[in-house]
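Beneath this line is the structure, given in structure tokens, with notes to follow.
The values are calculated or read from the model by the stated rules, or taken from the named source; none is laboratory data. What you are looking at is a predicted structure, and each value in this text was computed from that prediction instead of being measured. Cβ coordinates were reconstructed from backbone atoms using ideal geometry, including for glycine residues, and neighbour counts include every protein chain displayed. Keep in mind that these areas ignore ligands, DNA and RNA; they rest on the heavy atoms of the full protein, side chains included. Shrake-Rupley method; radii C 1.70, N 1.55, O 1.52, S 1.80 Å.
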Amino acid sequence: MQLGQFDLFCQVARVKSFSKAAKLLHISQPAISAQIHSMEEFYHIKLFERTPHGVTLTPGGAILFESAKKILELHEDLERTLSGFTEEKNQKLIIGATSTVGSHALACGIWTFKDKYPDLQVHVEIGNPQEIITKVTEKSIDLALFECPVQVNKGLTRKTLFTDQLIAIVPNTEHWSAKTSVTIDELIKNHLLLRETGSELHWILDYALQPLGLTFTDLKPNTSISDSNAIKAAVERRHGVSIGLRLTIEKELRLGTILALPIEDTKQGIEYSLVYRESDLSAVAKRFVRFLTSLGELDMS
């Protein structure tokens, strides 16, 4: 039994789906099925039960899941010890991110990783998607995380971490709370507030609006604001409406200060991706990549 099989098995168990695990690991679903079948033959037990919504662990699979996680953790500790991590105390991990990822998705992941490697220096550089990709290519940062469909350059590896939902951000009023969805035209007519040209939202909307034959520039927002928090505050005060990712308004949704509505006839699934140069990753950067990938998804709270 190989460590990679344990990692694959744990990924399937976390996301409860062969197809989702295949997408996260960037391998085919038949390859996933073959590896799970090989493990079932090795241990002489059935590991998963199929359901209409995916798969669930069998009692035997649940036991293996707990043991597999411990094995992977032990290997991580062993690798860290043998590689002489004490000599890496002054190492720095430089991560590039868009403002959305840096402010919302990445912070919890960094602190969790820092708990494992307290002497590691982590520096996060915030920029627009094209700037971040350029810095990865030029080797001025180790890796990057972003949430928009940017074309990566040759020589870079891209992994999907999780998928978020593009939504309309509207005030919690009687008018908007009565709706189950909204059109782009409705948003434009209600004082549309958007991020600036070149921002990650620009790239996201160019992708999401393709079914409508529109781009970011076609929306002609009433106001452009470079600060997502300022946009949320304006929507809360009923100064307009906006478009963004659900992750960025989780707190406000819990508090009930704003609402999220699906936008009709748009591509709503937006992937958060990890991009890096596989051949140039330092030992600690490789650990961080494995750490994020093993989570299946970043902490979105």
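Identify all residues within the stretch 1-20 that are assigned to a helix (DSSP H, G or I) and without any contact (Cβ under 8 Å) to a residue 40 or more places away in the chain; write none if there are none.
Residues satisfying the conditions are 4, 5, 8, 18, 19, 20.
Which residues, counting only those in the stretch 124-143, are at pLDDT 90 or above and either within 16 Å of the chain's Cα centre (by Cα) or open to solvent by less than 10 Å² (accessible area, probe 1.4 Å) (or both)?
Within the stretch 124-143, 136, 141, 143 qualify.
Condition first: touching a Gly at 6+ places or on another chain (Cβ under 9 Å), aliphatic (A, V, I, L, M) and over 30 Å from residue 275 (Cα atoms). Now tell me which residues in the stretch 20-73 satisfy that.
45, 47, listed by residue number.
Report whether or not residue 25 is out of contact with any strand residue (DSSP E or B) (no Cβ under 6 Å at 6 or more places or on another chain), more than 15 Å from residue 68 (Cα to Cα) and among the hydrophobic types (A, V, I, L, M, F, W, C).
The answer is yes for residue 25.
In contact with a Pro (Cβ under 7 Å, 6 or more places away or on another chain), modelled with pLDDT of 85 or more and either farther than 15 Å from residue 280 by Cα or crowded, with 19+ Cβ neighbours inside 10 Å (or both): which single residue out of 177, 181 fits that description?
Unique residue meeting the criteria: 181.
Here is a list of conditions, (1) in contact with a helix residue (DSSP H, G or I) (Cβ under 6 Å, 6 or more places away or on another chain); (2) in a loop (DSSP other than H, G, I, E, B), and residue 190 meets all of them except one; can you say which number that is?
Going through the list (1) in contact with a helix residue (DSSP H, G or I) (Cβ under 6 Å, 6 or more places away or on another chain); (2) in a loop (DSSP other than H, G, I, E, B), residue 190 breaks only (1).
I'd like the residue in the stretch 144-161 that is open to solvent by less than 10 Å² (accessible area, probe 1.4 Å) and not in a loop (DSSP other than H, G, I, E, B) and, out of all such residues, is modelled with the lowest pLDDT.
Restricting to residues being open to solvent by less than 10 Å² (accessible area, probe 1.4 Å) and not in a loop (DSSP other than H, G, I, E, B), the top hit is 161.
Taking only pairs six or more apart or across chains, which ones have beta-carbon atoms under 8 Å, a first residue in the stretch 187-208 that is basic (Lys, Arg), and a second residue that is part of a helix (DSSP H, G or I)?
Qualifying pairs under 8 Å: 195/201; 195/202; 195/228; 195/231.
Among the helices (runs of 4 or more DSSP H) lying completely within the stretch 208-301, list those that include at least 3 residues that are aromatic (Phe, Trp, Tyr) and open to solvent by 50 Å² or more (accessible area, probe 1.4 Å).
Per the criteria, no element qualifies.
Restricting to the stretch 269-301, count the residues that are modelled with pLDDT under 80, closer than 23 Å to residue 78 by Cβ and among the charged types (D, E, K, R).
Residues flagged as modelled with pLDDT under 80, closer than 23 Å to residue 78 by Cβ and among the charged types (D, E, K, R) within the stretch 269-301 amount to 1.
Considering only the stretch 65-110, state which residues are loosely packed, with under 12 Cβ neighbours inside 10 Å, in a helix (DSSP H, G or I) and either at pLDDT below 75 or within 16 Å of the chain's Cα centre (by Cα) (or both).
81, 82, 86, 87
With (1) more than 30 Å from residue 166 (Cα to Cα); (2) surrounded by 14 or more Cβ atoms within 10 Å (Cβ to Cβ); (3) of a type in the set (A, V, I, L, M); (4) at pLDDT below 90 as the list, and residue 34 as the residue in question, which single condition is left unmet?
So the condition that residue 34 fails would be (2).
Do you know which residues across the stretch 138-166 are touching a residue at least 60 places away in the same chain (Cβ under 8 Å) and over 23 Å from residue 195 (Cα atoms)?
139, 142, 143, 155, 156, 157, 158, 159, 160, 161
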